[in-house]
Amino acid sequence: MPTPVLEVKNLKTYFKAEAGVAKAVDGVSFEIARGETFALVGESGCGKSVTALSIIQLIQDSGFYGGGQILLNGRDIIPLSEKEKREMRGNKVSMIFQEPMTSLNPVFTVGDQILETIMLHQKKPAVDAKAAAIEMLRSVKFPNPEAVFDEYPHRLSGGMRQRVMIAIALCCKPDLLIADEPTTALDVTIQDEIIKLIKELKDSMSTAVLLITHNLALVYNNAETVGVMYGGKIAELAPARALFKNPMHPYTVKLLRSIPDRGRRARQLDTIPGSVPPATAYAEGCRFSGRCPREMQGCAAIEPLLSAREPGHFAACHLYDKEFMEKPLSAPLHREAEALPPEGVQPPISTPPDAREPLVRVAGLKTYYPIRKGLLKRVTGYVKAVDGIDLTMKKGSTLALVGESGSGKTTVGKTIIRLIEPTDGEIIFKGARLTHLKESGLKNFRSKAQIIFQDPYSSLNPRLTVGKIIEEGLLTLKPELGKKARLEKIASTLGRVGLDAGAMERYPHEFSGGQRQRVGIARALAVDPEFIVCDEAVSALDVSVQAQILNLLKSIQREFGLSFLFITHDLGVVEYIADEVAVMHQGKIVEHSATEELFSNPKHAYTKKLLAA
Ligand code: SF4
């Protein structure tokens, strides 16, 4: 059997932290053959990216290797000198990151940056290096590689920059390519192109690929083998198809069942209670204990070992340990979470979507941004971000607005709630025209229409406690409430989104991403809105946390009869949550229909392209 390109053996990468030693990667083993794609998946904080950085030898500062080996073509690379490691990086092992702009140097042209890698590692004369760089740009599908060679990164789109990163990563034909969330920041259609491109180049160069992602659909379609990481360890390792068909570890089962899609519309999504524990405080035994629905008496104390359940299919769980299961230790732990299964069927809303009353209507809505040029900043034209759209949001319904970045989705949301002034058209709320109202006339509307943003961290003032953040809105929009009533309102709203009243005294940085998004929802909910714009509200969250937030949004919609405008690029989320979908392209709505209809019978070419991606 040929030597695998990469063999990771019992790798331990630790960090010194105030609370002790953080065991970010703690005894991880896997291998990748030439031409194989191996995917590492799991929630944030489970050790995927540290595994990647360990392999490319970029662990810095407080990090250190606690043991194990990383063999590249049979040679252990951990003991290499700094000079040898530098030669290896870019030459034998390359890496592409989520956000290419952070790895591209903005002051050098694309050509300079590819040439630097080729000349450093291949010692080619300048003329040959330039020819090779242009050839590489051609192979990552730039139709005009000579022109791109002279461009600066900031003048390229996100998808083009990621293609430049791939060109740099593959220009020396490395044996191993590490792709860390390579498409997360890109639109679905571009994601598809980038993944196809990596696959094509991998096949033609027989490169081994380590794909790190939280996107399980990407894994299903592109990886041969999958390792599911949890708590710095591999929880399950299997051929991709076997893992999706027959997941064995309770963590993998939970992850797969928390993915939203049409089949789960009538139910709540499965969620994983609690959050990933900090790497300084893992349980002695199974690290998933405390969150696992199938936990048994002995799980937290005794570590389960990764062992084969079927040929090539490994899981680290006592459920598959015959000896353990025969002992009293295997008695199930009955916890509260089990008594309340999250997958209950929700009561139907009595009014069918077609018969629900309109709440917000926009007609002929236009939002143009002036383009100014010259010393006098004269207006020389307009960017037509929103260009004459008609939409109706109904009471108790969710309208999803989908499309690529730059299509105008976010501008629509912000214009409707008057965070941006419309250039033309009508916004009608409960039959009243709002478009020409000034700030004073908008007060009632402001409390009835709220927005939840993608990144809860940047939208919450870090200097204010959560209580003060929610109180700010109440002071402005519900001045009739006295201090006591305000505090009661804040506590009850926090309770409604699953946070205890103690959260009022804490600051945003003290919460996890999912909890911060709950704070964002509580802030919107506190002023008793009827209409909420959710602008990519679950896009930045791990799939298990995303499931919790989607469940929460669905349940508050049912409880309060809210209307949502749900702006997203995730079509799985759309299928799960939306009653209707409007597809936006270049500032216009190109298709609008009921969710079922749109997914089963898309009519516009652009919708077909989106669905295919
Ligand atoms: Fe759950 Fe126990 Fe298996 Fe861990 S060992 S995943 S706690 S059943």
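Observations on the structure shown:
- Scanning segment 129-150 for residues that are acidic (Asp, Glu) and in a helix (DSSP H, G or I) yields GLU135, GLU146.
- Extreme residue, least open to solvent (accessible area, probe 1.4 Å), among residues of segment 281-290 that are within 8 Å of the ligand (Cβ to nearest atom) and touching a residue at least 40 places away in the same chain (Cβ under 8 Å): PHE288
- Subset of segment 518-544 that is under 22 Å from THR184 (Cα atoms) and open to solvent by 10 Å² or more (accessible area, probe 1.4 Å) - its residue that is modelled with the highest pLDDT: ASP535
- Filtered residue count, segment 225-239, keeping only those that are touching a helix residue (DSSP H, G or I) at 6+ places or on another chain (Cβ under 6 Å) and closer than 19 Å to GLU181 by Cα: 4
- Test result for GLU326, modelled with pLDDT under 85, open to solvent by 50 Å² or more (accessible area, probe 1.4 Å) and within 16 Å of the ligand (Cβ to nearest atom): no
- Residue in segment 570-587 that is at positive phi and open to solvent by less than 10 Å² (accessible area, probe 1.4 Å) present: yes
- ASP354 meets the conditions (1) open to solvent by 80 Å² or more (accessible area, probe 1.4 Å); (2) modelled with pLDDT under 85; (3) not in a helix (DSSP H, G or I) in every case but one. The failed one is (3).
- Condition check for VAL219 on (1) away from the ligand (no atom under 15 Å from the Cβ); (2) in contact with a Gly (Cβ under 8 Å, 6 or more places away or on another chain); (3) open to solvent by less than 20 Å² (accessible area, probe 1.4 Å): one failure, at (2).
- Within segment 109-126, if we keep just the residues that are in contact with a helix residue (DSSP H, G or I) (Cβ under 8 Å, 6 or more places away or on another chain) and modelled with pLDDT under 90, the residue that is farthest from ILE77 (Cα to Cα) turns out to be ALA126.
- Top-ranked residue of segment 293-308 - restricted to ones that are over 19 Å from VAL226 (Cα atoms) and small (Gly, Ala, Ser), ranked as farthest from the ligand (Cβ to nearest atom): ALA301
- Enumeration of residues in segment 265-280 that are away from the ligand (no atom under 13 Å from the Cβ) and at pLDDT below 85: ARG265, ALA266, ARG267, GLN268, LEU269, ASP270, THR271, SER275, VAL276, PRO278
- Of all positions in segment 309-318, at least one carries a residue that is near the ligand (Cβ under 9 Å from one of its atoms), in contact with a Ser or Thr (Cβ under 9 Å, 6 or more places away or on another chain), part of a helix (DSSP H, G or I) and not basic (Lys, Arg).
- Lone unmet requirement of (1) open to solvent by 60 Å² or more (accessible area, probe 1.4 Å); (2) in a loop (DSSP other than H, G, I, E, B) for GLY396: (1)
- Restricting attention to segment 291-315 and to residues that are over 14 Å from ALA331 (Cβ atoms) and among the charged types (D, E, K, R), the residue that is least open to solvent (accessible area, probe 1.4 Å) turns out to be ARG291.
- In segment 223-264, the residue that is farthest from the ligand (Cβ to nearest atom) out of those that are within 16 Å of VAL543 (Cβ to Cβ), part of a loop (DSSP other than H, G, I, E, B) and open to solvent by 30 Å² or more (accessible area, probe 1.4 Å) is ASP261.
- The single residue among ALA547, ALA594, ALA613 that is among the small types (Gly, Ala, Ser) and either open to solvent by 50 Å² or more (accessible area, probe 1.4 Å) or touching a strand residue (DSSP E or B) at 6+ places or on another chain (Cβ under 9 Å) (or both) turns out to be ALA594.
- Restricting ILE70, ILE96, ILE114 to those that are in contact (Cβ under 8 Å) with a residue 24 or more places away in the chain and under 29 Å from SER539 (Cα atoms) reduces the list to ILE96.
- Segment 1-55, residues that are surrounded by fewer than 21 Cβ atoms within 10 Å (Cβ to Cβ), closer than 27 Å to SER258 by Cβ and among the basic types (Lys, Arg): none
The values are calculated or read from the model by the stated rules, or taken from the named source; none is laboratory data. Since the model is a prediction, treat every value here as computed from it, not as a measurement. Please note: Cβ atoms are built from the backbone with ideal geometry, for glycine as well, and neighbour counts cover all protein chains shown. The protein model used for the area step is the full one, side chains on, heavy atoms only, and it has no ligands, DNA or RNA in it. Shrake-Rupley method; radii C 1.70, N 1.55, O 1.52, S 1.80 Å.
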